[in-house]
Amino acid sequence: MNACPQCKRIIEEGKVCPVCNIELSDKFSGTFVLMDPNNSEIGKILGKETVGKYALKVR
């Protein structure tokens, strides 16, 4: 598993983020899954509007 340093989306396979087209990092911590972007307070606070799995911090 890797995460995008820009959008913080966690990607199961591959080395490039399909959203941002930048190289993924294997150094990340914390995760959250956004299932309902319209009703998620955490999603709104973190600025995420798309269903998916995200890292909280990516190095």
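The values are calculated or read from the model by the stated rules, or taken from the named source; none is laboratory data. These numbers come from a predicted model, not from an experiment. When we count neighbours, we look across all protein chains shown, and the Cβ atoms used for this are built from the backbone with ideal geometry, even at glycine.
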Does any residue of the stretch 7-25 turn out to be touching a Ser or Thr at 6+ places or on another chain (Cβ under 9 Å), in a strand (DSSP E or B), surrounded by 11 or more Cβ atoms within 10 Å (Cβ to Cβ) and touching a residue at least 40 places away in the same chain (Cβ under 8 Å)? yes
Complete set of residues in the stretch 36-52 that are surrounded by fewer than 10 Cβ atoms within 10 Å (Cβ to Cβ) and assigned to a loop (DSSP other than H, G, I, E, B): D36, N38, N39, G47
Residue check, G30 out of contact with any Gly (no Cβ under 8 Å at 6 or more places or on another chain), at pLDDT 95 or above and not polar (S, T, N, Q): yes
